[in-house]
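Worksheet: the structure to be examined is printed underneath.
The values are calculated or read from the model by the stated rules, or taken from the named source; none is laboratory data. Keep in mind that this is a model prediction, so the values were computed, not measured. Neighbour counts run over all protein chains shown; Cβ positions are idealised from the backbone, glycine included. Protein only, heavy atoms only, side chains kept; ligands, DNA and RNA dropped before computing areas. Shrake-Rupley method; radii C 1.70, N 1.55, O 1.52, S 1.80 Å.
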Amino acid sequence: MKSFEVMTTTDSKAWEVSPGSSLAIDDAKINPYHLSHLAWQALGVGVDHLQCLRSTLIGDQHDVSNHTSVTVVLHIYAQATLLRAAFENACRAVWLLAPTNRLVRLQRRLSLQNDSNRHSDRMHQLVGATPPRTSEARKKELTDLAVAAGTAPSDAKKALTFVGFQKVVQDAGPRLGVEADQAEAIWSMCSALAHGDVHNLSFLDRQVVGTQGNVNLAKLTSNTDVLLRAAELSVRMLRHGFALYEKAAAAT
């Protein structure tokens, strides 16, 4: 397999879908909301965040073999934000591509589109703009596609409801042999650091440097174990996602 960077930042053609392939059939059934496009975008977003992480660690040094020393910069919070996005998007790609049941794949793709439409409508509202189509018209289009793909009309509403990224991560983890709870834990740790949640202190290295009454004052530093585990899972999940994509896009 070519490197992530080559596949996503050059004209590698790795994204191309062969006619007659499983992925081409998926795309045709829910045109124009191609499953291949969203899966590849998720892989690209994941890779981009990992590339940014590398830049924050060692700058633009791609080959450090001739350096006697390399300065690595660890941030307390920001790099966890990058890893959260990398892992989440890698899981999103796997969640879309992994099911062997075509209808499940198509429903998942349409549910993400429905969720995207909802956020788009809210953004238009916030900036005082009118979307080109009403939310009702877009919902009907997705419902019609879901039913045409094989969804029972009575199940369409549920099928178009996105389960949320917690469930996406829980579903994708076991496909790498990682327990669902462990995958969610890594994702949640990075999310807590990204959001600045108070409970994120338990995920950082701490050194008490003083007290104010019954309150400890602590020096916080990055927890490399959490970052390394998140980075490892992100790379593995991306590799799995690219492998699934390559297989699904190949001519049969």
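Things to note:
- Of all residues making up region 64-123, the number that are open to solvent by 50 Å² or more (accessible area, probe 1.4 Å) and in contact (Cβ under 8 Å) with a residue 60 or more places away in the chain: 7
- Scanning region 124-139 for residues that are basic (Lys, Arg) and open to solvent by 70 Å² or more (accessible area, probe 1.4 Å) yields Arg133, Lys139.
- Of all residues in region 156-206, those that are touching a residue at least 40 places away in the same chain (Cβ under 8 Å), under 29 Å from Arg118 (Cα atoms) and assigned to a loop (DSSP other than H, G, I, E, B) total 5.
- Checking each residue in region 179-205 for being modelled with pLDDT under 95, open to solvent by less than 20 Å² (accessible area, probe 1.4 Å) and more than 18 Å from Leu74 (Cβ to Cβ) picks out only Ser191.
- The residue list Ala93, Ala185, Ala137, Ala156 contains one member that is aliphatic (A, V, I, L, M) and touching a His at 6+ places or on another chain (Cβ under 9 Å), which is Ala93.
- Considered as a group, the residues in region 214-252 that are in contact with a Leu (Cβ under 8 Å, 6 or more places away or on another chain), more than 17 Å from Val45 (Cβ to Cβ) and among the hydroxyl-bearing types (Ser, Thr, Tyr) include one that is modelled with the highest pLDDT, and that residue is Thr224.
- Qualifying residue in region 28-48 (condition: part of a loop (DSSP other than H, G, I, E, B) and either modelled with pLDDT under 90 or crowded, with 19+ Cβ neighbours inside 10 Å (or both)): yes
- Members of region 10-27 that are outside any loop (DSSP other than H, G, I, E, B) and either aliphatic (A, V, I, L, M) or without any contact (Cβ under 8 Å) to a residue 24 or more places away in the chain (or both): Leu23, Ala24, Ile25, Asp27
- Output for region 207-225, where each listed residue is open to solvent by 60 Å² or more (accessible area, probe 1.4 Å), touching a residue at least 12 places away in the same chain (Cβ under 8 Å) and not polar (S, T, N, Q): Lys219
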